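Report on the structure given below.
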Amino acid sequence: IYNFGFSDNRTFHQVASDGGFLRAPVPLSRRMLAPAERTEILVDFGSDQGTTLMLRSFNGGMSNSLVPPPLQDTWDTADFDLLEISVGAARSNPVTTIPAGLTTVEAIPDSEAVNLGSARPFELNANPFGINGLRMNINVINETIRLGDTEVWEITNPSTQAHPFHVHGDSFQILTRDGFPPPENELGWKDVVLVRPRETVRIVKRFLDYSDSTNPYMFHCHILEHEDVGMMGQWVVEAGAQ
C-alpha cells in the first residue's frame, strides 16, 4: 500500500478514480493507494522550471495502522522515493488551469437498494484467509443476485490487516466508512475499496446487465497472497433469481 505525495509536500488534484472522472478536482497532499486501486492526478509544475523533486511514498507515518508488526517489512514503515521529476521548459501549449468541474456522477440512492435493511454481508477472515468463513472453491457460486436489482453490500474487516476488496463487473459507489460518509475523492465510481483493520464499509451497486447463470464474476482481496490462499468468492446475476 502506497501513500503517495511529493517531496516538497505540494498540493495536487485528484481528478479520477477506478471507474472514471470525479465530479470535480479534489486537492490533496497525500493519496493512499492499495493494490488495484487507480487514481489520476493533476500537478502544477508551472513555476518549477529547472528544479527536481521526487514522487514519494510516505509510509513512515502509517505505523501499524494497515499492516500488523509481524507482517511488516521496511517498505511498510519507511518513506521511500518512487520517481524523480526534472522540470524542463514550458511547452508551446501548456495546460495552465484546472477545471472547476469534470463530469456528472449520479449518486445511487441507498433507498433504491432491495436489501437496504439487511445488506449482503462480506466478512474478510484471516487465519485462515477467506470470506464469510469460506475459502475459494471454483465449483461453488457463493452469491446469486437478481438482474435489475440494486444492492447494498457490507464489507467487514475484523482483522488487524487492511484488505483491498475488489468486485468484478460494473463499478460501485461507497456509501459509508464505519457509518460516516467517505472522503470527497471516494465519491466517484470504484471497483476496489480499501477496508482498514476493524472497519466496516458499505457500498451500493446496480446489477442491470451481464446476467449469466453459468459464468461467474469474482469478489476478492487484491493482495495476491491473500486471494491465492482463499480470500475470494464467486457471484452470478440471474434473470428471475430469488
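The values are calculated or read from the model by the stated rules, or taken from the named source; none is laboratory data. Keep in mind that what you see is a predicted model, and the values were worked out from it rather than measured. Positions of Cβ are backbone-derived with ideal geometry, glycine not excepted, and every protein chain shown enters the neighbour counts. What goes into the accessible areas is simple: the full protein's heavy atoms, side chains included, and nothing from ligands, DNA or RNA. Shrake-Rupley method; radii C 1.70, N 1.55, O 1.52, S 1.80 Å.
Remarks
- Matching option when the condition is of a type in the set (Phe, Trp, Tyr) and touching a Leu at 6+ places or on another chain (Cβ under 8 Å), among Phe165, Phe172, Phe129, Phe219: Phe165
- Selection status of Val105, touching a residue at least 40 places away in the same chain (Cβ under 8 Å) and under 30 Å from Asn64 (Cα atoms): no
- Counting only strands (runs of 3 or more DSSP E) that sit completely within the stretch 177-242, those holding 3 or more residues that are open to solvent by less than 30 Å² (accessible area, probe 1.4 Å) and either of a type in the set (Phe, Trp, Tyr) or within 21 Å of Ser111 (Cβ to Cβ) (or both) correspond to 199-206.
- Residue match in the stretch 79-86 (condition: in contact (Cβ under 8 Å) with a residue 60 or more places away in the chain and within 18 Å of Pro197 (Cα to Cα)): no
- As a summary of the residue check, Phe129 satisfies the conditions (1) touching a helix residue (DSSP H, G or I) at 6+ places or on another chain (Cβ under 8 Å); (2) more than 22 Å from Gln173 (Cβ to Cβ); (3) without any contact (Cβ under 8 Å) to a residue 40 or more places away in the chain except for the one numbered (3).
- Only a single criterion out of (1) more than 14 Å from Lys205 (Cβ to Cβ); (2) crowded, with 17+ Cβ neighbours inside 10 Å; (3) touching a residue at least 60 places away in the same chain (Cβ under 8 Å) is not satisfied by Ser159, namely (3).
- Answer from Thr144, Thr96, Thr150 - the residue that is modelled with pLDDT of 95 or more, surrounded by fewer than 17 Cβ atoms within 10 Å (Cβ to Cβ) and among the hydroxyl-bearing types (Ser, Thr, Tyr): Thr144
Residue-wise test of (1) farther than 20 Å from Pro183 by Cβ; (2) open to solvent by 40 Å² or more (accessible area, probe 1.4 Å); (3) touching a helix residue (DSSP H, G or I) at 6+ places or on another chain (Cβ under 6 Å).
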site	(1), (2), (3)
Arg30	no, yes, no
Ile41	no, yes, no
Leu71	yes, yes, no
Phe80	yes, no, no
Ile85	yes, no, no
Gly88	yes, yes, no
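- Wholly within the stretch 17-81, strands (runs of 3 or more DSSP E) carrying at least 1 residues that are under 17 Å from the mean Cα position of the chain (by Cα) and under 30 Å from Ser171 (Cβ atoms): 20-28, 31-33, 40-42
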